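Note sheet for the following structure.
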Amino acid sequence: MPVEPLVDPVTLIQRIAAQNRDAFSQFYDRYSPIVYSLALRMLRAQSDAEDLLQEIFLQVWRQATVYSAERGSPEAWLINIARSRAIDKLRSIRRRERSFVLTDDPAAAESPDNVETSAGESESKLVMNSALANLPEAQRRVLELAYFDGLSQSEIAARLAEPLGTVKTRMRAGIQRLRGMLGTQAA
Amino acid sequence: MMSTEHAHWLERGDIYALGALDGVELKDFQAHLATECSICKAYIQETRETLNLLHRSLRPTTPSPEVKERVLEHIDGENGVSLTVAQPKKSRRWQRITGTIAAGIVGVMLAGAYYHFRYEPRHTVYSAVVNLLRDPSTRDLQLYGAGPTPAAKGRFLWNDSGEGHVFVTNLPPPPEGKMYAVWTIAQSSAPRYVGTIKPDVKGQGGLHINSTRSVLPMDTFAVTLENEDTTAAPAGPMVLVSKQS
């Protein structure tokens, strides 16, 4: 029996912009696992991650018309929305926590093991992890704190008790190294 | 080549794309972006595409089906009418694969071999597959659907003589301008490009590997959806991935 051709994600977004529910359903099926894993990694609580996932895809439905392929891939657009919203939530949570009591060092809870099941863990260490594994530990650390934990350069410097300049240098070096590994050298 | 006078902006662009720029530097950079600087905008977009791959270090996790139901209910509520009947719930990927992979293996192999008969000399592919199946040293790795193609499945067979063959099924033809690239991945080295799989309209395809020596050993075997001619390093989503049993 023939299988349905894989619809280009840009086409899916164009159909979503025209309020096509089936296209939205396909888009959700395709991308919700990666958005959900990111939300879980960043927020660490299943209920928060599910709420965020719902908000993100509602935003996709409402704002698909503003997507422009010239500004990046649909996946980049979606992940950008997800990270922005997750970071907003994280900062709100941190503000709330600070108003009550100082928490333990969040670094202690930063391992993905907290949100990933151990089964199939090796499976999760795939393409990008090969690249991450090849980054020096100091560079990988600052990139993860910024990307997954939503910390700013100053917050990372404070967290790691390192000079701000050192943190910035590590971030840039890490990004340049990733870019090189992925064959997307800067113009 | 980036202009020298722009270098300091691009340095900030990296950290801005990461979302970590703050304070005065953030305000300055936002003001610069407000001038519609095309160089910085393009640079930030490219950096985001690179950073975008960081989330792929995480194992995709299927959310509860109730979340999708809630989202669709919201959408229907906003539209004031239910546009289509509810989608049937999909069973979990692993349960589905576990239940069907055993029954599908023979069919997958034959289908993959048939596919190759159409494009390569029959006797060559046939002999290679038969040799692999007969060889007691042949190892067999299951491949599971991932990302945009959860229903895809496949197998990778290889022997000590250095021959290998990949069979896939339920892998939809790629969109225009895209291709399926096969990679072996080891923690100790960058991903190695193995070749390309072109599934037919039935979603069946294969790739014969005459020498696996340059792509083994590996920790993971993966197939990704890439822009055509991408062989330097994987950048697209995984569509099939191994899980050592």
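For B:VAL194, list long-range residues whose amide hydrogen, built 1.01 Å from N in the peptide plane, is under 5 Å from its own amide hydrogen.
Here the answer is B:VAL182, B:TRP183, B:THR184, since their amide H atoms fall under 5 Å of that of B:VAL194.
At a probe radius of 1.4 Å, what is the per-residue accessible area of A:THR65, in Å² to the nearest 10?
100
With θ taken as phi - 60° and the coefficients 6.51, -1.76 and 1.60, list the Karplus ³J(HN,Hα) couplings across the range B:178-183 in order, rounded to whole Hz; mark glycine and proline as x.
My calculation for the range B:178-183 gives 10, 8, 9, 9, 9, 9 Hz in order.
Amide H neighbours of B:ASP219 under 5 Å, counting only residues 5+ apart in sequence or on other chains, H built in-plane at 1.01 Å?
Those lying under 5 Å, H to H, from B:ASP219 are B:ILE185, B:ALA186, B:GLN187.
Each residue of the range A:138-151 in order: what ³J(HN,Hα) in whole Hz does its phi give by Karplus 6.51 cos²θ - 1.76 cosθ + 1.60, θ = phi - 60°, with x for Gly and Pro?
Taking θ as phi minus 60°, the curve returns 5, 6, 4, 4, 5, 5, 5, 5, 6, 6, 8, 9, x, 8 Hz for the range A:138-151.
What order do B:HIS6, B:HIS165 take when sorted by accessible area (1.4 Å probe), most exposed first?
Listed by decreasing accessible area, they come as B:HIS6, B:HIS165.
How do B:THR169, B:THR62 stack up against each other in accessible area, from largest to smallest, with a 1.4 angstrom probe?
Descending accessible area places them as B:THR62, B:THR169.
Probe radius 1.4 Å, ligands and nucleic acids left out: which of B:MET238, A:MET181, A:MET42 has the largest accessible area, and how do the rest follow?
Heavy-atom accessible area, descending, gives A:MET181, B:MET238, A:MET42.
On a 20 Å Cα-Cα criterion, which of the cross-link pairs B:LYS68/B:LYS178; B:LYS178/B:LYS202; B:LYS178/B:LYS198 come out too long?
Pairs exceeding 20 Å: B:LYS68/B:LYS178.
Ignoring any ligand, DNA or RNA, what whole percent of the accessible area of the range A:7-106 comes from carbon and sulfur when the probe is 1.4 angstrom?
C and S fraction of accessible area: 47 percent.
For the range A:17-57, rounded, prolate or oblate, judged on the Cα gyration tensor with a ≥ b ≥ c (square roots of eigenvalues), a/c < 1.5 rounded, else prolate if a/b > b/c?
Prolate.
If I ignore ligands, DNA and RNA and count only protein heavy atoms, how much of A:TRP77 is accessible to a 1.4 Å probe, in Å² to the nearest 10?
For A:TRP77, the solvent-accessible surface is approximately 50 Å².
Can you tell me the FRET efficiency between B:GLU228 and A:GLU97 if r is taken as the Cβ-Cβ distance and R0 is 35 Å, rounded to the nearest 0.05?
Once rounded, the FRET efficiency stands at 0.10.
For the range A:7-106, build the convex hull from the C-alpha positions and give me its volume per residue in Å³.
101
Once you put a point 7 Å from the Cα of A:ALA45 and another 7 Å from the Cα of B:GLU73, both along the Cβ direction, what distance in nm separates them?
Modelled inter-label distance: 2.1 nm.
At 0.36 nm per residue, and after removing the present C-alpha to C-alpha distance, how many nm does the segment from B:ASP28 to B:GLU176 gain when stretched out fully?
Going from the current span to full extension adds 49.2 nm.
The values are calculated or read from the model by the stated rules, or taken from the named source; none is laboratory data. Because the structure is a prediction, the values reported are computed rather than measured. All Cβ positions, even for glycine, are placed from backbone atoms using ideal geometry, and neighbour counts span all protein chains on display. Ligands, DNA and RNA are stripped out before the accessible areas are found, and what is left, the full protein with its side chains, is counted by its heavy atoms. Shrake-Rupley method; radii C 1.70, N 1.55, O 1.52, S 1.80 Å.
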